[in-house]
Amino acid sequence: MEEGATRGGPISTEPRINDRIRVPEVRLVGPSGEQVGIVPLAKALELAQEYDLDLVEVAATARPPVCKLMDYGKFKYESALKAREARKNQAHTVIKEMKLRPKIDPHDYDTKKGHVVRFLKQGDKVKITIMFRGREQSRPELGFRLLQRLANDVQDLGFVESSAKQDGRNMIMVLGPHKKKTEAMAEARVIADARKAERQGRTTGPDTAADDDAALEAENAAAEAEADDADAAEATDETDTEVEVEQPTEVAQDA
């Protein structure tokens with residue numbers, strides 16, 4: 001016997017249609033959703049031919065199975081379109097990571113805080129890590145005060161989801177956004193579209209056309225980057241949903 005001859009093929013998730021249905025009778029649903037009743041399989045197949053439709057098994061576990069008359073090819077096409085549209089409405093909430101030192105200087109602190117603000121505006125969580133070195137490990141209160149300061153500075157955009165706690169030589173706190181990821185994505189798209197419309201609607205003279213074209217290209221790139229940064233991934237639900245990705249995706253360290 002050849003190797004793999006006894007292995008089963010992949011399990012199909014497609015419903016059984018037409019001649020693939022192997023039951024003596026079915027509970028038939030008409031093309032418009034009307035209940036026809038329990039009929040022999042042969043009669044159901046005959047009706048399918050009369051309507052030039054397919055007999056599709058929609059509830060295989062029912063007794064008898066429920067079958068519907070429909071255009072199966074059109075049904076699959078419309079289902080694919082719905083799934084594609086639904087993927088636009090789902091977002092992945094990722095966890096960004098920002099690393100700071102207990103004795104960070106004011107300029108670096110403002111820079112790091114700016115990153116945290118941007119992440120929270122995008123609807124992402126932010127993991128703040130204070131790194132202690134050498135004698136700094138004996139002064140954990142420095143890191144705690146720094147984390148409290150940062151949390152207070154961004155309280156309009158986020159909240160402390162996980163309070164500061166010591167983890168070896170590090171102290172960690174997690175900030176969660178007030179704004180949902182899907183809301184941030186929608187706002188980013190609106191802003192990007194508004195900027196494009198503003199640039200494209202502006203009239204340009206012969207002397208300033210080149211400069212305005214360059215500005216338009218730069219602004220469009222920035223707007224698209226902002227929207228792309230807010231777009232996390234695609235999925236398969238029709239309603240707005242959020243999926244959390246646990247691994248950090250961006251790390252900023254002190255120079």
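Looking at this structure, is A186 within 25 Å of I130 (Cβ to Cβ) and open to solvent by less than 60 Å² (accessible area, probe 1.4 Å)?
Working: within 25 Å of I130 (Cβ to Cβ): no; open to solvent by less than 60 Å² (accessible area, probe 1.4 Å): yes.
For A186, the condition - within 25 Å of I130 (Cβ to Cβ) and open to solvent by less than 60 Å² (accessible area, probe 1.4 Å) - is not met.
Do we find a residue being of a type in the set (F, W, Y), open to solvent by less than 10 Å² (accessible area, probe 1.4 Å) and either farther than 23 Å from A188 by Cβ or in contact with a Ser or Thr (Cβ under 9 Å, 6 or more places away or on another chain) (or both) anywhere in the range 138-159?
The answer is no, given that none of the residues of the range 138-159 is of a type in the set (F, W, Y), open to solvent by less than 10 Å² (accessible area, probe 1.4 Å) and either farther than 23 Å from A188 by Cβ or in contact with a Ser or Thr (Cβ under 9 Å, 6 or more places away or on another chain) (or both).
Summed over the range 61-77, residues that are of a type in the set (D, E, K, R) and touching a residue at least 40 places away in the same chain (Cβ under 8 Å) total 1.
For the range 88-119: of the residues being among the aliphatic types (A, V, I, L, M) and either at pLDDT below 90 or loosely packed, with under 15 Cβ neighbours inside 10 Å (or both), which is farthest from the chain's Cα centre (by Cα)? That would be I95. Would you pick out the residues in the range 50-81 that are more than 21 Å from E14 (Cα to Cα) and surrounded by 12 or more Cβ atoms within 10 Å (Cβ to Cβ)? Residue satisfying the conditions is Y51 alone. When residues in the range 24-40 are screened for being among the hydrophobic types (A, V, I, L, M, F, W, C) and at pLDDT below 90, 1 of them pass. Scanning the range 163-181 for residues that are open to solvent by 40 Å² or more (accessible area, probe 1.4 Å) and in a strand (DSSP E or B) yields S163, K165, Q166, D167, N170.
The values are calculated or read from the model by the stated rules, or taken from the named source; none is laboratory data. In this text, all values refer to a predicted model and were calculated from it rather than measured experimentally. We place every Cβ from the backbone using ideal geometry, glycine too, and count neighbours over all the protein chains shown. Quick note on the areas: whole protein, heavy atoms, side chains included, nothing else; ligands and nucleic acids left out. Shrake-Rupley method; radii C 1.70, N 1.55, O 1.52, S 1.80 Å.
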